[in-house]
């Protein structure tokens, strides 16, 4: 859940987690809309958009993983 405290956080992990959650929700919405529309060009747009957002979400996850590894290495 996004709280005022988390919005004001200086921690990249807090913001990254929130962004990844929002991206996941949007990806789910795009995929759900695929079952609701008949227009083939719009369906293609939904599919491409979902795939692109999966890549963005993966980039945020990779950032978090690399950041965590670097923290453990510096301990």
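Read the figures in this text as sums done on the coordinates, not as results from a lab. Keep in mind that this is a model prediction, so the values were computed, not measured. Here the Cβ is made from the backbone with ideal geometry for all residues, glycine too, and neighbour counts use every protein chain on show.
Below, the figures for the structure above:
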quantity	calculated
Compactness of segment 12-74 - radius of gyration and Dmax, Cα, Å	15.2, 53
Extended-chain gain in nm, criterion 0.36 nm per residue less alpha-carbon gap, residue 56 and residue 38	3.8 nm
Inter-site label distance for residue 31 and residue 10 at 7 Å from Cα along Cβ, in nm	3.8
Nearest 10 degrees, 0 to 90: helix 12-34 Cα axis against the chain principal axis	10
